[in-house]
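Scroll down for the structure; my scribbles are underneath it.
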């Protein structure tokens with residue numbers, strides 16, 4: 001008698017378990033699917049993006065070109081890419097502000113070369129005045145189509161100046 005009760009109880013539990021397992025896998029309007037569980041993190045350190053340029057490259061830009069703080073950032077909802085730099089030695093950095101040199105931003109991953117747009121009333125979206133020590137300068141490249149995205153590594157070429165592997169923020 002006790003064996004029949006235990007057997008019936010086990011059979012009933014098996015049927016109930018099978019029903020809950022199959023009803024959880026079907027999608028219905030009343031029972032939306034559960035959100036997938038987030039994977040557990042093993043490290044308590046926050047993830048950071050890699051440095052824009054290694055220390056040896058930063059020293060090279062300071063010694064040869066007289067600039068530092070090179071940065072590339074996606075702005076205006078990704079429609080523009082802004083390249084900024086700080087001038088330390090105006091004599092060495094004058095090539096970056098020379099109007100004769102046509103800047104380009106090259107993204108090997110996307111396979112594009114961006115140029116600085118020229119607006120009718122404003123002109124080119126870059127600073128071309130005589131550089132002064134300690135000042136930040138910028139230029140904006142047109143990214144129509146959004147080919148260059150944050151995280152891409154790009155190269156900036158202005159005359160003889162070439163900055164390689166800058167990470168777009």
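The values are calculated or read from the model by the stated rules, or taken from the named source; none is laboratory data. These figures come from a predicted structure and were not determined experimentally. Here Cβ is always computed from backbone atoms with ideal geometry, including for glycine, and neighbour counts include all displayed protein chains.
Values for this structure:
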item	result
Residue check, residue 141 in contact (Cβ under 8 Å) with a residue 60 or more places away in the chain and farther than 22 Å from residue 60 by Cα	yes
The lone exception for residue 106 - which of (1) surrounded by fewer than 16 Cβ atoms within 10 Å (Cβ to Cβ); (2) under 24 Å from residue 60 (Cα atoms) it fails	(1)
Among (1) closer than 21 Å to residue 55 by Cβ; (2) in contact with a strand residue (DSSP E or B) (Cβ under 6 Å, 6 or more places away or on another chain) - the single one residue 106 does not satisfy	(1)
Scan of the stretch 146-163 for residues that are surrounded by fewer than 19 Cβ atoms within 10 Å (Cβ to Cβ) and either touching a residue at least 40 places away in the same chain (Cβ under 8 Å) or within 16 Å of the chain's Cα centre (by Cα) (or both), ordered by number	146, 147, 149, 150, 151, 152, 153, 155, 157, 159, 160
Candidates 71, 57 - the one that is under 19 Å from residue 160 (Cβ atoms), touching a strand residue (DSSP E or B) at 6+ places or on another chain (Cβ under 9 Å), touching a residue at least 60 places away in the same chain (Cβ under 8 Å) and surrounded by fewer than 18 Cβ atoms within 10 Å (Cβ to Cβ)	57
Single residue of the stretch 116-127 satisfying the filter (part of a strand (DSSP E or B) and modelled with pLDDT under 75) that is farthest from residue 97 (Cα to Cα)	123
